[in-house]
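My structure is below; once you've seen it, I'll send some questions.
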């Protein structure tokens, strides 16, 4: 058994650039998060892209779909921005790839005090391992099927439709 | 659906005492970890005891068993020291309580740099939600059934028997 | 002997807003930083304003000058954005207030991994205590007189003129 | 102008050992703390020893004295355990080395949440730069001459005699 973990960017992976004062993407924090987690489960890490999910369009969603399709692992975690996580989940859900695909992200970047990123990553790894084939969003300590979830932007949480 | 989270102490919850220079137990860090996780799943937190798992004996294990038995929630996470996690899991496993009980802990305390605690807590919450009734140890990114796992103390990781 | 510590905003005090994904100002982090520092020196904390130093104009600089003038403490630390720290220092320097005034800030916000904020705050508190009356910038482990320092923005460090 | 920074161990540098659950000494955290501080002042780091200050005896104090004597820098920061910081300061004070020597330490290790270590390091670096030749203890946001300070162990703070 093994896991594929795909980075696509999002708040989870945002890092502070001291020169510009902006939050930007650099090398993904995910490998160091997984090392810290002391994972002994075999996994492959794939840094596919590094985008704000508001900048993610159909071609990028197809790229993520393709990465899932060609994945040798049937259990996949995708770290993704929360704003359009639902849209990407829908593309993957409709593709019916026969794999257990779990999208997660963070409301506060991994590198910032009080981040939910490490909790969410752990939660998503377990969900990808344990869920039946299908596409899920794992946020706020819950596993939502892709077709019945939305982000409540005012509250900053995911909710069942 | 809701979750019960029981604190019993262990490395996860150790905190530094500036006056003695020792790692001790104070108020559990788990409520603040769960708040940080932005859990919207309903849960009840039960600070049952605060022990090094090396100091845990049969009466304490029965106390944990009783807490699981009287729990209204059928999905239970127990935060426990790693050294005798297997022994407590066995007591719970043999009790056949018909609930999904997941023990987790940490190799590095939550309050110390590079801790695995938050990842493990997230992982265990998902496992308790998703696993069939039974007793499991969730560490190192894996879910182990209670009867087929041991801690490799030299390596500091859990392994299948 | 006692110290006045004045917050004016700047990178030091930037905090992440989960709802907008922006770095914003909330309640200053300085009181909690000083508690963590276990200061026993008496001090008064004054949250004067919360501005990016690029947004700071002459009226704000006069406000800072006034706060220094009316300060009962003759040793003053000002936490300020780095981009126009030199300009504010000049206003204070020309005012010849006869107090030991030390401006400091941070290249990485206090709440972000790897921040220099706590080091700089400690450095500035010592400098305000020990320097002769005058106006200084304390950054990068150095104390610069106000009239002979500039920020090298490409390198992100302060340098002597 | 340049600074010598000497590590001798103490709480500042204690690190958690996941295998034994003990706080131990490994490679000093001070170089990474100084890098994080974005120091541009030239400095030399000397990892002299790694001891609990309760284990420090006369030979070790002479070793620290010798390191200060042979230091090419006349401004010296010594990171030291707090319990016998006063005793080492006395050995250095009586040696009358004609240098500005500042001892500091921490009540909470650098690697543990809420540590005062980085603040103290910044404070001590400024004090070593700015104080007249002599031997000082810099803790709790104050600079104490070596002959007029003691640690109040019940309160965990340094006080003037």
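The values are calculated or read from the model by the stated rules, or taken from the named source; none is laboratory data. Predicted model only: the values in this text are computed from it and were never measured. Here the Cβ is made from the backbone with ideal geometry for all residues, glycine too, and neighbour counts use every protein chain on show.
Does residue B:56 count as touching a strand residue (DSSP E or B) at 6+ places or on another chain (Cβ under 8 Å) and in contact (Cβ under 8 Å) with a residue 60 or more places away in the chain? Steps first, please.
Values: touching a strand residue (DSSP E or B) at 6+ places or on another chain (Cβ under 8 Å): yes; in contact (Cβ under 8 Å) with a residue 60 or more places away in the chain: no.
No; evaluated as a whole, the condition is false for this residue.
Quick one: is residue D:157 modelled with pLDDT of 95 or more, touching a strand residue (DSSP E or B) at 6+ places or on another chain (Cβ under 7 Å) and either farther than 23 Å from residue B:112 by Cβ or surrounded by fewer than 19 Cβ atoms within 10 Å (Cβ to Cβ) (or both)?
No.
Scan the range C:114-141 for residues that are within 8 Å of chain D (Cβ to nearest Cβ) and part of a helix (DSSP H, G or I) and jot them down.
Passing the criteria: C:118, C:119, C:120, C:121, C:122, C:123, C:124, C:125, C:126, C:127, C:129, C:130.
While we're looking at this one, here's another question. Take the conditions surrounded by fewer than 18 Cβ atoms within 10 Å (Cβ to Cβ) and facing chain D (nearest Cβ under 10 Å) and apply them to residue C:152. Does it pass?
Numbers: surrounded by fewer than 18 Cβ atoms within 10 Å (Cβ to Cβ): yes; facing chain D (nearest Cβ under 10 Å): yes.
So residue C:152 fits the description; yes.
I'd like to verify a number: residues in the range A:142-161 that are free of Cβ contacts under 8 Å to residues at least 40 places away in the same chain, touching a helix residue (DSSP H, G or I) at 6+ places or on another chain (Cβ under 7 Å) and part of a strand (DSSP E or B), how many?
Final tally of qualifying residues: 1.
Which of the residues that make up the range D:1-42 are within 14 Å of chain C (Cβ to nearest Cβ) and surrounded by fewer than 17 Cβ atoms within 10 Å (Cβ to Cβ)? It would help to see each step written out before you state the result.
Going through the range D:1-42, the residues within 14 Å of chain C (Cβ to nearest Cβ) turn out to be D:1-5, D:11-12, D:29-42.
Once the filter is applied, which keeps residues that are within 14 Å of chain C (Cβ to nearest Cβ) and surrounded by fewer than 17 Cβ atoms within 10 Å (Cβ to Cβ), the range D:1-42 yields D:1, D:2, D:31, D:32, D:35, D:40, D:41, D:42.
One residue is enough: does the range C:92-107 have a residue meeting the conditions more than 14 Å from chain D (Cβ to nearest Cβ) and under 22 Å from residue C:14 (Cβ atoms)?
Let us first name the residues in the range C:92-107 that are more than 14 Å from chain D (Cβ to nearest Cβ), namely C:92-99, C:101.
Cutting the leftovers down to under 22 Å from residue C:14 (Cβ atoms) gives us none.
Within the range C:92-107, not a single residue is more than 14 Å from chain D (Cβ to nearest Cβ) and under 22 Å from residue C:14 (Cβ atoms).
Those residues that are touching a residue at least 40 places away in the same chain (Cβ under 8 Å) and either surrounded by fewer than 24 Cβ atoms within 10 Å (Cβ to Cβ) or farther than 19 Å from residue C:126 by Cβ (or both), I need them from the range D:67-87; list them, please. I'd like the intermediate steps shown before the answer.
Going residue by residue through the range D:67-87, those that are touching a residue at least 40 places away in the same chain (Cβ under 8 Å) are D:67-68, D:71-83, D:85-86.
Listed by number, the residues that qualify are D:67, D:68, D:71, D:72, D:73, D:74, D:75, D:81, D:83, D:86.
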